[in-house]
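The values are calculated or read from the model by the stated rules, or taken from the named source; none is laboratory data. Remember, predicted model here, so these are calculated numbers, not experimental data. Here the Cβ is made from the backbone with ideal geometry for all residues, glycine too, and neighbour counts use every protein chain on show. The accessibility values were calculated without ligands, DNA or RNA, using every heavy atom of the protein model including side chains. Shrake-Rupley method; radii C 1.70, N 1.55, O 1.52, S 1.80 Å.
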Amino acid sequence: MRAAVLTALETVELQERPEPTARPGWVVLTVEAASLCGTDVHQYDGRIDTPFPRVPGHDFSGRVESVGEGVDESWIGKPVAVKPSLPCGDCPECHTDKPFDCKRKKLIGLWSDGCLTEKIAVPVVNLIPRPDGVEPWQASLLEPLAVGLNTVDRLRIILGESVVVLGQGPIGLALTRLCSLSGAGRLIVTDAREAPFAVSRAYGASDCINVLETDATQAVLDLTDGIGADIVIETSGFPASSAMVLDAVRKEGKVAHIGWANDLPPLPVIPIMAKTLTVFGVGGNGGRGQYERALELVRSGRIDLDPMVTHRFSLDDVEEAFATAASKTDGSIKVVVNP
């Protein structure tokens, strides 16, 4: 079978790989759609360490082709979405049927070969049945929503609170929509490009700040009468964005850090103490019902994912897909690959 393989920094190529088999408790899927995530791009550009060669990718959907020992054969042929974190299978949580409480779970495509391939094996516990009305490409875009839901769940937004979302990539846009649905009042978003702002406004943003043209911190203070926002969420993973979080939030406010890369600065403790802030580190999608809820938000039409998808490629063109996602050319937001 064909697989996209990262062989070095900014180098991805198609290779032939052996087809996977389903070991006990696992299934083999035919991959129907995959989307490129910021993690994939940072593996490609070196901002996240990854061993080479590596088949990247963790946001995908597919159809069950075969099942391993102990797996109900009724799964065969079913369309599914996939939770991307692999439980270890050998800890107290895994042995007591709580695999998503596993403290050693690891992301597909980062710690093991991922989904940018024609077929992949995954544990059956990672599967979510894909309902009628949800297309494969939509089910490959659930992780930004699941990460957003995990964030919103922890922040407990109160109706009318002012919220700043730093970065309008897929996770930032998902949070913009979720914060709007959660009742945010003034909803301020930032990015270094104008391209995402049309989607931001459609998703409920009240104010869009281009950080290349405006002092973003001062703009947030001006929009909040000098007080700062009730909540600031950093999604971009860029040092300059991370550095402004504590200045943009009000005293006794809440901040959440989601964006992840090797070069992020440490958080200074004294400003956190001086402002009596609550700081949330959001390291992933939660895995405790967030995927199922994300799927329902898409199925019900509460969240329209179509505006996010700006580029589509076949697996044959995966090199161009990565180059587009990494360079953000032609206004790219979310890139979908169809094997």
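Condition check ((1) free of Cβ contacts under 8 Å to residues at least 60 places away in the same chain; (2) in contact with a Phe, Trp or Tyr (Cβ under 6 Å, 6 or more places away or on another chain); (3) closer than 23 Å to THR39 by Cβ; (4) β-branched (Val, Ile, Thr)) across all residues:
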{"position": "LEU246", "(1), (2), (3), (4)": "yes, no, no, no"}
{"position": "LYS254", "(1), (2), (3), (4)": "no, no, no, no"}
{"position": "GLY259", "(1), (2), (3), (4)": "no, no, yes, no"}
{"position": "ASP263", "(1), (2), (3), (4)": "no, no, yes, no"}
{"position": "PRO266", "(1), (2), (3), (4)": "yes, no, yes, no"}
{"position": "MET273", "(1), (2), (3), (4)": "yes, no, no, no"}
{"position": "GLY283", "(1), (2), (3), (4)": "yes, no, yes, no"}
{"position": "GLY286", "(1), (2), (3), (4)": "no, no, yes, no"}
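Scan region 149-170 for residues that are assigned to a helix (DSSP H, G or I) and touching a residue at least 60 places away in the same chain (Cβ under 8 Å) and jot them down.
LEU149, ASN150, THR151, ASP153, ARG154, LEU155, PRO170
From THR176, THR190, THR151, THR214, grab the single residue that is open to solvent by 30 Å² or more (accessible area, probe 1.4 Å) and of a type in the set (S, T, N, Q).
THR214
Out of region 65-90, which residues are assigned to a loop (DSSP other than H, G, I, E, B) and of a type in the set (D, E, K, R)? Before you say what the answer is, go through the steps one by one.
So in region 65-90, the residues assigned to a loop (DSSP other than H, G, I, E, B) come out as 68-72, 76-78, 83-84, 87-90.
Residues satisfying the conditions are GLU69, ASP72, LYS78, LYS83, ASP90.
Considering only region 119-136, I want to know if a residue exists there that is in a helix (DSSP H, G or I) and of a type in the set (A, V, I, L, M, F, W, C).
Within region 119-136 (the criterion being in a helix (DSSP H, G or I) and of a type in the set (A, V, I, L, M, F, W, C)), the answer is yes, since at least one residue qualifies.
Does GLY204 satisfy being open to solvent by 20 Å² or more (accessible area, probe 1.4 Å), farther than 27 Å from LEU107 by Cα and either within 22 Å of the chain's Cα centre (by Cα) or in contact (Cβ under 8 Å) with a residue 60 or more places away in the chain (or both)?
yes
Restricting region 219-245 to residues that are among the aliphatic types (A, V, I, L, M) and outside any helix (DSSP H, G or I), which is most open to solvent (accessible area, probe 1.4 Å)?
Let us first name the residues in region 219-245 that are among the aliphatic types (A, V, I, L, M), namely 219-221, 223, 227, 229, 231-233, 240, 243-245.
Pick out the ones that are also outside any helix (DSSP H, G or I) and you get 227, 229, 231-233.
Details: ILE227: 108, ALA229: 0, ILE231: 0, VAL232: 0, ILE233: 0 Å².
If we take residues in region 219-245 being among the aliphatic types (A, V, I, L, M) and outside any helix (DSSP H, G or I), then ILE227 is most open to solvent (accessible area, probe 1.4 Å).
Consider only pairs whose beta carbons are under 9 Å apart and that are at least six residues apart or on different chains; among these, list those whose first residue lies in region 119-142 and is open to solvent by 20 Å² or more (accessible area, probe 1.4 Å) and whose second residue is of a type in the set (Ser, Thr, Tyr).
Short answer, once both residue conditions are applied: LYS119/THR30; ALA121/THR21; ARG130/SER61; GLU135/SER61; PRO136/SER61; TRP137/SER35; TRP137/SER61; GLN138/SER61.
Restricting the search to region 70-98, which residues are farther than 23 Å from VAL31 by Cα and open to solvent by less than 80 Å² (accessible area, probe 1.4 Å)?
Those that are farther than 23 Å from VAL31 by Cα and open to solvent by less than 80 Å² (accessible area, probe 1.4 Å): GLY89, CYS91, GLU93, CYS94.
Looking at region 298-316 only, could you name the residues that are surrounded by fewer than 21 Cβ atoms within 10 Å (Cβ to Cβ), touching a residue at least 12 places away in the same chain (Cβ under 8 Å) and part of a helix (DSSP H, G or I)?
ARG299, PRO307, LEU315, ASP316, listed by residue number.
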